[in-house]
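Student: Next up is a structure, given as structure tokens.
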Amino acid sequence: VTNIRFPSVLREAHKLVGERVRPGDCVIDATMGNGNDTLVLARSVGMTGHVYGFDIQVQALEQTRERLLREAVDMEQVILNVESHENMEKVVPAYWHGHVSAVMFNLGYLPGGEPGVITLVESTLRALDVAIRLLRSGGIITIVVYPGHPGGDREAMAVDHWAAQLQQDAYQAITYRFVNQSGVHAQPYLVAVYKI
Ligand SMILES: C[S@@+](CC[C@H](N)C(=O)[O-])C[C@H]1O[C@@H](n2cnc3c(N)ncnc32)[C@H](O)[C@@H]1O
């Protein structure tokens, strides 16, 4: 008997990334927050890989650094930046442009942090356009969106629209979403883009 529930939205993002990232790769966490995605990325690329993390809050950088240290991640491979993700191209060395294997976005606000500091449609869309330029063929972008908070619904729609207009011969774009949960329109869901 199999008893395998569908993974949570966050877990599914980690699975899709984990399947496509190899030791030694260069990857990006566009929204560090508490560092959960940074940790998964750091483990996937290993000691020979590189992780670039971004957040506009110092608190997020500190929490992420502490998280990684607690988990005994080699910090030499991880470069954490207090910088908006729309500027990631200026931080990631030109050597890696077009060779990044994963970029993870987890939008909205930092749990336990300042609820007023949220990702915003315009900068999110700019960052997605930059991320897709940095990506290698065979690379993946994951975006977890939160339509349940004020402004989050507009942002989720903008991300859907951005993904839907990507050329189908160059990209695959999907959503992963639970459709029968209570308050379904407020539940987070995943948008993922694969570069062919
Ligand atoms: C939902 S949290 C991320 C959660 C994180 N992935 C985790 O696993 O804990 C969203 C984060 O995006 C950050 N953020 C907001 N605007 C940003 C921007 N323009 N560039 C980078 N990070 C931003 C917030 O400060 C917040 O920490």
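Student: Which whole-percent values make up P(r) of the stretch 8-49 when all C-alpha to C-alpha distances are grouped in 5 Å steps starting at zero?
Tutor: Over the stretch 8-49, the share of Cα pairs per 5 Å bin runs 6, 25, 32, 26, 9, 1 percent.
Student: Taking amide H positions as placed 1.01 Å from N in the peptide plane, with prolines and chain starts having none, which residues 5 or more places from GLY49, or on another chain, fall under 5 Å of its amide H?
Tutor: Amide H neighbours of GLY49: GLY24.
Student: Here's a follow-up. Around ALA158, under 13 Å between beta carbons, what's the net of Lys plus Arg minus Asp minus Glu among the other residues?
Tutor: -3
Student: Projecting each Cα onto the charge dipole of the chain (Lys/Arg +1, Asp/Glu -1 at the beta carbon, about the Cα centre), which of VAL145, VAL1, PHE54 comes out farthest on the positive side?
Tutor: Value: VAL1.
Student: Take each of the peptides 123-134, 158-169, average the number of other beta-carbon atoms within 10 Å over its residues, and list them starting from the highest. Each step should come with its number before you reach the end.
Tutor: On the way: 123-134: 18.8, 158-169: 13.6.
Taking the mean over residues of other Cβ atoms within 10 Å, the ranking is 123-134, 158-169.
Student: With contacts defined as alpha carbon pairs under 8 Å and 6 or more residues apart, what's the relative contact order of the chain in percent?
Tutor: Result for the chain is 20 percent.
Student: What residues have an amide H closer than 5 Å to that of LEU80, excluding those fewer than 5 places away on the same chain, when H is modeled at 1.01 Å from N in the peptide plane?
Tutor: GLY53
Student: Then there's this: Take the alpha-carbon centre of the stretch 1-19, take the same for the stretch 42-74, and report the distance between them in whole Å.
Tutor: For the stretch 1-19 versus the stretch 42-74, the Cα centre distance is 22 Å.
Student: If you roll a 1.4 Å probe over the heavy atoms of the protein chains, what accessible area per residue do you get for the stretch 1-125, in Å²?
Tutor: Result: 51 Å² per residue.
Student: List the relative contact order of the stretch 1-51 as a percent without decimals, with contacts defined as Cα pairs under 8 Å and 6+ residues apart.
Tutor: 38
Student: Enumerate the calculated ³J(HN,Hα) couplings along the stretch 120-125 in order (Karplus 6.51 cos²θ - 1.76 cosθ + 1.60, θ = phi - 60°), each rounded to whole Hz, writing x wherever the residue is Gly or Pro.
Tutor: 10, 3, 5, 6, 4, 5
Student: Beyond 29 Å, what percent of the Cα pairs of the chain remain?
Tutor: Counting pairs separated by more than 29 Å, the tail of P(r) holds 17 percent.
Student: Using Cα centres only, tell me the gap between the stretch 94-151 and the stretch 180-196 in whole Å.
Tutor: Answer, in whole Å: 14.
Student: Please report, as a whole percent, how much of the solvent-accessible surface of the chain comes from carbon and sulfur atoms (probe radius 1.4 Å).
Tutor: Carbon with sulfur: 53 percent of the solvent-accessible area.
Student: Considering only the other residues whose Cβ falls under 10 Å of the Cβ of VAL144, what net charge follows from Lys and Arg at +1 and Asp and Glu at -1?
Tutor: Result for the neighbourhood of VAL144: -2.
Student: Something else about it: Which percentage, to the nearest 5, of the DSSP beta bridges contained in the chain is antiparallel?
Tutor: Looking only at bridges with both residues in the chain, the antiparallel portion is about 40 percent.
The values are calculated or read from the model by the stated rules, or taken from the named source; none is laboratory data. Here the structure is a predicted model, which means the values were calculated and not measured. Neighbour counts are summed over all protein chains in view; Cβ atoms, including those assigned to glycine, are modelled from backbone coordinates with ideal geometry. Ligands, DNA and RNA are excluded from the accessible area calculation, which covers all protein heavy atoms including side chains. Shrake-Rupley method; radii C 1.70, N 1.55, O 1.52, S 1.80 Å.
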